[in-house]
1. Expressed as an acute angle from 0 to 90° and rounded to the nearest 10, what is the orientation of the C-alpha long axis of helix B:342-354 relative to the principal long axis of chain B?
2. Need one number for the protein assembly as shown: average projected area of the convex hull over its C-alpha atoms, nm².
3. Determine the shielding of peptide A:78-91 by partner chains: average, over its residues, the number of Cβ atoms on other chains within 10 angstrom of each Cβ.
4. Can you give me the three principal axis dimensions of segment B:130-230 from its C-alpha atoms, in Å, biggest first?
5. Over chain B, what relative contact order in percent results from Cα pairs under 8 Å that are six or more residues apart?
6. Averaged over its residues, how many other protein chain Cβ atoms are within 10 Å of peptide B:148-158's Cβ atoms?
7. Roughly what angle does helix A:76-98 make with the longest principal axis of chain A, taking Cα atoms, 0 to 90 degrees, to the nearest 10?
8. How much mean residue ellipticity at 222 nm does chain A get from its helices, if each DSSP H run of length 4 or more adds -39500 (n - 2.57) and you divide by all residues, to the nearest 500 deg cm²/dmol?
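Here, each number is a calculation from the coordinates, and none is a lab measurement. As the structure is a prediction and not an experimental result, all values here were calculated from the model. Don't worry about glycine lacking a Cβ; one is built from the backbone with ideal geometry, like all the others, and counts go over all protein chains shown.
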């Protein structure tokens, strides 16, 4: 793949073929617990897009200009977590103070996803796959959008599911995991189109 | 090796310090809402609290306890409070717990709702008064062979505001019968007027955790923690004649109500039917006779169901239900207040209904 189309390919791959939720199964806990309602899922999905798109490039900067020069790459787990947590906290506080509307729709979900493993996962993949700054940003954005699509699709299905007769033993998380499996298989159908190393 | 270690420690410390500093600055600027005022129940109480924290926590710190089962995580939906001004929009985390009807009344989930500006809230009067009291046992005396009167002096806070007929929860510390603190409810027997003391009448229940503690372990001068007042067993405002029925330690709330009536010069017609087995189960007769003299419209009717030979009893005999049936006329106008065991209360309700007392005019406090 040529260097110039690489970033765009990463964006699309992270949305569809290498969807962080459905191919890596990261960020499952909030995915399972929040996907009951379409409205809350949308809010949470947007919050994830925002946090992934911002923290990934932020962590790229920290990694390239702080950790590599001092040879501290092995500390990236801890450092990434701290950076994500602090950034999310600051953003939440700012939103809460200055925009009630935005806080209603987005801010309230931010604390819920600080410790979402998908967000840390994106930052760690970025390091492993040696992305550039731009690619990292697009990868974060794409992964967020991918997570968003997955959760609203699931919420839509689960709202329809309310009218279905689910066997007693499968109600709740059980049937949700089965559906997540089917969705993952559907998304895997795209795999041949673009592959991420 | 040592240098690498030192560098990594320094760098990670620097990052942490930098971010921590950032948070501290943000907390003091963006997160600082200054002090805000909470006006409770139309200004009957004003609180000044640190802004930016959940309402539930802010109220708790000021000693106003809103019941909450989950401890403020938004998962039980109990801590509802009416926010009449300064509420703003509902948060998505509140909505699952709030019905459309409650939305119209501006009911909020106090653990999610954050106080950022001056607000006005409405909470039930009872909650507003519920507190934890540190007390000291002032006196213990035997009322009968199995009922003790415990008089507690309130230390901190030193005054209680209550309605006659309400109850408190008695905290039993760990002792041989229990590995953890337990709470038991007891009606207050003293007058609301005597707001620096609380009197309880506690009957020994075989193997009862709290009653055994009180009867066998509690001594004068001991520290006791209580919380309250709770309950809606209090005298309703009307001119209807009152029927009080209680036996044994069920006298406590009735006595409190009577003392309160006497103090306030309430001249409603009232009769108190006090049921006991034999003379040794009767108590505080002198006090009630004295009340009878001070209150022209009050009659005290003690009744024994199994008087002994040596009792030489000349008063009413028979089951309390029969005595009530014999003495009450025109039940349809009466209000009835019952306190005692579930069995006694159910039997009394049956008789009262028979006598024409309306179900909405029968109030009771069941021991359980």
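1. Between the helix axis and the principal axis of chain B, the angle is about 60 degrees.
2. Seen from a random direction, the Cα hull of the protein assembly as shown projects 37.1 nm² on average.
3. 3
4. 34, 30, 23
5. Dividing the mean separation by the residue count of chain B yields 12 percent.
6. Average neighbour count from other chains, rounded to a whole number: 0.
7. Tilt relative to chain A: about 70 degrees.
8. The per-residue figure over chain A is -22000 deg cm²/dmol.
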